[in-house]
Amino acid sequence: MRDLSICIPTYNRDPFLAWTLERTVADFGSDVKLIVSDNGKSEVALPPGARYIRQPQNIGAFPNMRAALLASHTKYVVFLGDDDYLLPGEVQKGIDFLDSNPQVLAYFAPCQLYDEVEQKPAWDAFYPADDETFTRADLLWNFVMHKHVWPEHAIYRRDRLEEIMQPRSAAYWCFVDLANAALRGPVHFAKAPYYRNITSHPVGGRVKLGDQQCLTDFDAYRAGLEVLAHDIFQNNLGDADLRRDINDMIRQFLWSRYEVASRILDGQGRTAEAGLMKKRMAITGF
């Protein structure tokens, strides 16, 4: 896969980074380009040919992810967390699809939640997809809303990346990036995951960013969905019924996040915080 860069942002997790690098080299060989962008001072020995970028300071997780991706110079580029891994056969399918469909800007797929200790999926796919290319943005909006899609994992065309991946802001990045891509060309959503998000890790326990986000980042989620809706429907926002429908869909999307957060907090014994989530669910009204 000489045309692919795998871009790994990291911060103070050397044992996990070392594991991910070893796994990635074993799975992909020496052809793939590896880029590590570091918010700290990693002491992990990198594989031959890998590029290392040390940020001058901790710029934050999502800006570091963006910096890693934009540092690539290959035809295609993909993100990889420093404690997860990619499935090379499914990645190759994504590259083959993009090669055969040059008009498509990005190849999205759900991640698979995977227990690496027990060697079995914890969740087969984070959201349901059905191998579909979207050329109409309104159909893409319905897909995201009705299937509760989190478009966080994609194989991108590097030559279009600056148009898609704007600087990170208060709006949750994946919805903004999807809006930027969808306004510029077709995007594809694949059914089969190419990314494994590890739940139980053989290296040991660690705090996963997504686990923290789902308890706190509701305003960022709302902002991202509002930006996505605006960019898709901007020529029709004078229609009050449409605006009401959009807001109802966003409320329902967020209700699902409150429900997930309340279950996690209950499971952690944080009953007071879970109670606050349930109050938000009641006001949201679904």
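Just so it is clear, none of the values below were taken in a lab; they were calculated from the coordinates. Keep in mind it's a predicted model, so treat the numbers as computed, not measured. In this analysis, Cβ positions are derived from the backbone assuming ideal geometry, glycine residues included, and neighbour counts consider all displayed protein chains.
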* Structure fact -> Distance in nm between residue 278 and residue 12 label points, each 7 Å along Cα→Cβ, equals 3.5
* Starting from 0 in steps of 10 Å, tell me what percent of the Cα-Cα pairs of region 66-150 lands in each bin. => 13, 39, 38, 9, 0
* Asked: GNM on the chain, C-alpha springs below 10 Å: top fluctuator among 102, 128, 193?
  -> 102
* To do: Read phi for every residue in region 171-183 and hand back ³J(HN,Hα) as whole Hz from Karplus 6.51 cos²θ - 1.76 cosθ + 1.60, θ = phi - 60°, with x for Gly and Pro.
  => 6, 4, 4, 5, 6, 5, 4, 4, 4, 4, 5, 5, 6
* Structure fact -> Calc'd 3J(HN,Hα), region 20-35, phi into Karplus 6.51 cos²θ - 1.76 cosθ + 1.60 (θ = phi - 60°), Hz, glycine/Pro = x, comes to 5, 5, 4, 5, 5, 5, 4, 7, 10, x, 8, 6, 6, 8, 10, 10
* Could you tell me what % of all Cα pairs in region 241-282 have separations over 17 Å? => 37
* Asked: Mind ordering 62-72, 39-49 by average Cβ neighbours within 10 Å, highest first?
  -> 62-72, 39-49
* Rg in Å to one decimal, and Dmax rounded to a whole Å, for region 177-252 via C-alpha atoms -> 17.1, 54
* Structure fact -> trypsin sites (Lys or Arg not before Pro) in region 180-277 lying in a DSSP loop, each with at most 16 other Cβ atoms within 10 Å of its Cβ, come to 184, 191, 206, 208, 270
* By DSSP, what percent of the beta bridges with both residues in region 1-148 are antiparallel, rounded to the nearest 5? -> 20
* Based on the alpha-carbon gyration tensor of region 1-81 and its eigenvalue square roots a ≥ b ≥ c, which shape applies: rounded if a/c is under 1.5, prolate if not and a/b is larger than b/c, or oblate? -> oblate
* Calculate the radius of gyration of the Cα atoms of region 120-236 to one decimal place, then report Dmax, the largest Cα-Cα distance, as a whole number, both in Å. => 15.2, 51
* To do: Could you pull out every residue, at least 5 positions away or on a different chain, whose amide H is within less than 5 Å of the one on residue 106? Hs are placed 1.01 Å off N in the peptide plane, and Pro or chain starts have none.
  => 188
* Only bridges with both residues in the chain count here: give the DSSP antiparallel percent, nearest 5. => 40
* **Inverse mean reciprocal Cα-Cα distance (Kirkwood Rh) of the chain, Å** => 19.8
* Express the relative contact order of region 47-127 as a whole percentage, based on alpha carbon pairs under 8 Å and six or more residues apart in sequence. => 13
